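Step one of this worksheet: look at the structure below.
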Amino acid sequence: MTTRIDHLVTSGTFSLDGGTWDVDNNVWIVGDDFEAIVIDAAHDADAILAALGGRTLRAIVCTHAHNDHIDAAPALAKATGAPILLHDDDLPLWQQTHPDHAPDGSLSDGQEISVAGTSLRVLHTPGHAPGAVCLYSAGLATVFTGDTLFQGGPGATGRSFSHFPTIVDSIRDRLLTLPAETSVRTGHGDATVIGDEAPHLDEWITRGH
């Protein structure tokens, strides 16, 4: 059975540092006809369940713990029995949204997550958030970057728990070293490829994106 990537967009709000903004989030489902993982359970557990279509959910993987990426995670976990996985460095952010529901397991750099015959490697990429991670699958020629790297530059670093020099280091050292043809599937907006973003690193640094 061929592993595939399913995509849906859910809508809700992002709140941090006293502000709230309307956002559209990408939810990625990696699997086959029988099992899958969800990357970032954003806003709408029912929509994600519908997209799963009865497949066994092996894990809910959080790229980071900003509320718009995790707000539907407990409801999805309750409905499916799947564990929620998060890097420990993002627990302070997680607790702002879900103080009474801890993640079920930790993500660590270099960890391999297997589903439907495909392996995804966890890359710890702090900067947008302390525990931000990306998930790289050589077999799918894809990296899921959450809010670390977008089409056109790094994720935002102007709010609490974020740091621009750190995100630049993460992108330079962990993402731009991937093969140029690697698809970049982001937490918001359109996908891109590593080869289209790599030439702009110096521009991003100068711009202080």
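What follows draws every value from the coordinates through simple rules; no lab data is involved. Quantities reported herein were computed from a predicted structural model and do not represent experimental measurements. Heads up, the Cβs are rebuilt from the backbone with ideal geometry, glycines too, and the neighbour counts pull from every protein chain shown.
Structure summary
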quantity: Computed lengthening from S119 to D17, 0.36 nm per intervening residue step minus Cα-Cα distance; calculated: 33.1 nm
quantity: Stretch gain in nm, segment D169-D196, where the contour uses 0.36 nm per residue and the Cα spacing is subtracted; calculated: 7.9 nm
quantity: Antiparallel content of DSSP bridges confined to the stretch 4-207, in %, to 5; calculated: 70
quantity: Environment charge at A132 (Cβ cut-off 9 Å; Lys +1, Arg +1, Asp -1, Glu -1); calculated: -3
quantity: 222 nm mean residue ellipticity, helices alone, for the chain (DSSP H n ≥ 4; -39,500 (n - 2.57); rounded to 500); calculated: -5000 deg cm²/dmol
quantity: Rg ratio (alpha-carbon, reference 2.2 N^0.38 Å) - the stretch 86-209; calculated: 1.05
quantity: Most to least packed among 6-14, 117-125 [average Cβ atoms within 10 Å]; calculated: 117-125, 6-14
quantity: Relative exposure of E35, E181, E197, judged by other C-beta atoms within 10 Å (fewest first); calculated: E181, E35, E197
quantity: Fewest-first sequence of H101, H69, H43, H87 by Cβ atoms within 10 Å of each Cβ; calculated: H101, H43, H87, H69
quantity: 4 °C / 1.567 mPa s Stokes-Einstein diffusion coefficient of the chain, Kirkwood radius on C-alpha pairs, µm²/s; calculated: 77
quantity: Cβ charges +1 (Lys, Arg) and -1 (Asp, Glu), total dipole of the chain, debye; calculated: 220
